[in-house]
Amino acid sequence: MMQTHTKKNIYIYYQRGVKSSVNIALTLIWDIIEYLRDLILWITGMWLFKSTTPPIPTAVFEKEWRITPWGQKEVILQRLKDYVPGNPEIKSIRVFLHGPVGAGKSSLINFINSVFQGHTTSIALADSAIAGESFTKKYQTHKIGKGKHGIYYPIVFNDVMGLEESSGKGVHKDDIINALKGHVKEGHKFNPVSPLTEEDPGYIKIPSSEDRVHCLVIVMPADKMAFLREGVIQKMRDVRLAAADMGIPQMVILTRVDEACPLVKKDLKNIYLSKYIKEKMEQCSAKLGVPVNCILPVKNYHEEIDLNEDMDVLLLRALRQMVDFADDFIKNIPLKITPQGN
Ligand SMILES: Nc1nc2c(ncn2[C@@H]2O[C@H](COP(=O)(O)OP(=O)(O)OP(=O)(O)O)[C@@H](O)[C@H]2O)c(=O)[nH]1
Ligand SMILES: [Mg+2]
């Protein structure tokens, strides 16, 4: 009797042992699967976001489909330098840039400053976005210096952190809308999980006409556009609709065109000859609901250390459109804003 009981116990222990070994083995296998999955995602991510040059799209139009003022850099630049806001209540027009992480928002601001200063500069910190997380965290106004210290051109720029889809990472859509209305204080550090509320110290209860945004610019990376998640595109569309409701003019700057098309990388003057870039612009228009005539391709300074006239012309052409849009807005829209921000 005693012997049978001991045998039974041994059997139970044996079974328990087998069970826990199976559990350990299963956990181990699951860990390996998860590790392999992460590894594949990481390799794909590196491939997508680091080197995204597609297989040589070479089809070209016979002539440029959009007239570009090549060789007229100085004329456009002078016109911009002479710009005075068309509403005496407004000292500076405010251009707001947003878009996916690593799209080139900060690079664009640096580029604009460089063209005005006549040499490459870095006022907005830009970074390579391989980690998939935004480098720009704070709400900061970037001003373009005008020779003497403390004197600026009447065009200011704000960029925000990228629009990653998962909450906990990208800027909250409602915070962009807060910024459009002028509610976000300088230096405010965005909290991706909870947007600003009236009680927060970073909230401007009664924004002035100058705190408000006068032109919304969506910065879209041509080479990564196809890989953007629907959630990010949706955020951009929502912001665009909110801006449209407030009457804020909008445009898209298509960046990283050199990474998207080898013809453009070879010679920037191919920009309006490349069928591939036109396709990208049409896709962008369909995704965001912005007409193609409000989409302007730009190649930001990336590896270059000296200014390049063709790059500057594309940028200045885009900047002229931004300034014209913003100026129309400040001239025609009643600028008084209620404490509710409507
Ligand atoms: N080849 C190329 N690289 C670019 C271009 N624009 C930006 N880059 C590079 O892309 C990377 C990201 O640029 P950023 O200007 O930091 O992008 P961002 O949109 O400010 O990014 P976050 O602040 O992190 O959201 C940097 O390594 C830039 O040098 C471009 O037109 N062509
Ligand atoms: Mg940035």
Compute the distance in nm between two label points, each set 7 Å from the Cα along the Cα-to-Cβ direction, one at residue 332 and one at residue 141.
-> 2.6
Can you give the alpha-carbon Rg of the stretch 173-261 over 2.2 N^0.38 Å, where N counts its residues?
-> 1.22
Quick one: net charge of residue 185's neighbours, Cβ under 10 Å, K/R +1, D/E -1?
-> -3
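Between residue 151 and residue 122, what FRET efficiency comes out of the Förster formula 1/(1 + (r/R0)^6) with R0 = 25 Å and r the beta carbon distance, rounded to 0.05? Please list the in-between numbers first.
Working: r = 20 Å, r/R0 = 0.81.
After rounding, the FRET efficiency stands at 0.80.
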Set the Förster distance to 30 Å, then compute FRET efficiency between residue 81 and residue 39 from the Cβ-Cβ distance, nearest 0.05.
-> 0.05
Contour minus Cα-Cα distance for residue 30 and residue 63 (0.36 nm per residue) | 6.2 nm
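No lab work stands behind these numbers, since they all come straight from the coordinates. Since we're looking at a predicted model, the values are computed, not measured. For neighbour counting, all protein chains shown are included, and Cβ atoms are generated from backbone atoms with ideal geometry for every residue, glycine included.
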